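Chemist: Submitted below is the structure of interest, expressed as structure tokens.
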Amino acid sequence: SQRPTRLGQLRMPRTHTAPPQRISVSPDGALLILSSSVDGDLIVLPAVPESNDTNTRQFPFVHPADLEKAGQTDWIVRQHRRPVNEITWSRDGRWMITASDDRSIGVWKRAEQAEEARTAIPELQQFLRGHGARVFQAMFLNNNATRLVSSSADRCSRLWDLTTIETDRREIRRAFDL
């Protein structure tokens, strides 16, 4: 039987010593997202631009050590306060959600302008809060990325409708005089 061939490996910078906990590739293959195992950091790496002399043994994403050496810092995204347990993309790749030990779900959106959008770092749109313990998993339920489900250590699975979330928040604030 033939052994698999290793096609490259990712070099992490010395300043980021925690191993990745989760890894996810955008549906179009343009972004690799890693979550840190000790904090809420997300590491966002663009795909290596294709060239005519394609090296099939090259890791297909830019190395964080190379970004750090070049003085770039925007590839580390700090929004969650605790480790991220899940990174999930919508089918069209425009939306991403993160489930975290900080009891929240991050809802992220990619830029939509031209080719740069493929490698643009997703921007946090909102946090969904409501679980009483760490959130293990979250995933989209429909094609237009408006409904999602999450599961948590609080022994609950929650259904979220992103089209009504603001209305729901206003009603809760009004009902409880918040």
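Chemist: Here are Gly93, Gly71: which of them is in contact with an Asp or Glu (Cβ under 8 Å, 6 or more places away or on another chain) and either open to solvent by less than 60 Å² (accessible area, probe 1.4 Å) or among the β-branched types (Val, Ile, Thr) (or both)?
Modeler: Gly93
Chemist: If we scan segment 145-152, do we find a residue that is open to solvent by 90 Å² or more (accessible area, probe 1.4 Å) and in contact with a strand residue (DSSP E or B) (Cβ under 8 Å, 6 or more places away or on another chain)?
Modeler: yes
Table: residues versus (1) farther than 23 Å from Leu124 by Cβ; (2) of a type in the set (Asp, Glu).
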{"position": "Ser1", "(1), (2)": "yes, no"}
{"position": "Ser26", "(1), (2)": "no, no"}
{"position": "Leu31", "(1), (2)": "no, no"}
{"position": "Val44", "(1), (2)": "no, no"}
{"position": "Pro49", "(1), (2)": "yes, no"}
{"position": "Asp66", "(1), (2)": "yes, yes"}
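Chemist: Something else about it: Quick one: Ala99 ticks every box in (1) within 25 Å of Ser157 (Cα to Cα); (2) modelled with pLDDT of 90 or more; (3) touching a Lys or Arg at 6+ places or on another chain (Cβ under 7 Å); (4) not hydroxyl-bearing (Ser, Thr, Tyr) except a single one, so which number is it?
Modeler: Of (1) within 25 Å of Ser157 (Cα to Cα); (2) modelled with pLDDT of 90 or more; (3) touching a Lys or Arg at 6+ places or on another chain (Cβ under 7 Å); (4) not hydroxyl-bearing (Ser, Thr, Tyr), only one is false for Ala99: (3).
Chemist: Arg155 - would you say it is of a type outside the set (Val, Ile, Thr), open to solvent by 50 Å² or more (accessible area, probe 1.4 Å) and at pLDDT 90 or above?
Modeler: In short, yes.
Chemist: Take segment 109-152 and flag every residue that is under 14 Å from the mean Cα position of the chain (by Cα), of a type in the set (Ser, Thr, Tyr) and at pLDDT 95 or above.
Modeler: none
Chemist: Find all pairs meeting these conditions: Cβ atoms under 9 angstrom apart; at least six residues apart or on different chains; first residue within segment 4-15 and hydroxyl-bearing (Ser, Thr, Tyr); second residue open to solvent by 100 Å² or more (accessible area, probe 1.4 Å).
Modeler: Thr5/Arg57
Chemist: Right, next: So which residues in segment 63-77 are more than 11 Å from the chain's Cα centre (by Cα) and part of a strand (DSSP E or B)?
Modeler: Correct list: Ile76 only.
Chemist: Please state which of the following conditions Glu86 fails to meet, knowing it meets all the rest: (1) among the acidic types (Asp, Glu); (2) under 18 Å from Gln21 (Cα atoms); (3) part of a loop (DSSP other than H, G, I, E, B).
Modeler: Every listed condition holds for Glu86 apart from (3).
Chemist: Of all residues in segment 158-178 being over 17 Å from Thr98 (Cα atoms) and charged (D, E, K, R), which is surrounded by the fewest Cβ atoms within 10 Å (Cβ to Cβ)?
Modeler: So the residue we want is Asp177.
Chemist: Within segment 108-119, is even one residue closer than 30 Å to Thr17 by Cβ and open to solvent by less than 50 Å² (accessible area, probe 1.4 Å)?
Modeler: Checked against the condition, which is being closer than 30 Å to Thr17 by Cβ and open to solvent by less than 50 Å² (accessible area, probe 1.4 Å), segment 108-119 yields at least one hit.
Chemist: Looking only at segment 120-139, decide whether some residue is open to solvent by 20 Å² or more (accessible area, probe 1.4 Å), under 27 Å from Gln72 (Cβ atoms), among the aliphatic types (A, V, I, L, M) and part of a loop (DSSP other than H, G, I, E, B).
Modeler: Looking through segment 120-139, at least one residue is open to solvent by 20 Å² or more (accessible area, probe 1.4 Å), under 27 Å from Gln72 (Cβ atoms), among the aliphatic types (A, V, I, L, M) and part of a loop (DSSP other than H, G, I, E, B).
Chemist: I've got another one for you. Filter segment 23-45 for residues that are among the polar types (S, T, N, Q) and in a strand (DSSP E or B); which is surrounded by the fewest Cβ atoms within 10 Å (Cβ to Cβ)?
Modeler: Residue satisfying both the conditions and the ranking: Ser24.
The values are calculated or read from the model by the stated rules, or taken from the named source; none is laboratory data. The model shown is predicted, which means the values in this text are computed figures rather than measured ones. Every residue, glycine among them, receives a Cβ derived from its backbone with ideal geometry; neighbour counts consider all protein chains shown. When the accessible area is computed, the model is the full protein with side chains, heavy atoms only, and any ligands, DNA or RNA have been set aside. Shrake-Rupley method; radii C 1.70, N 1.55, O 1.52, S 1.80 Å.
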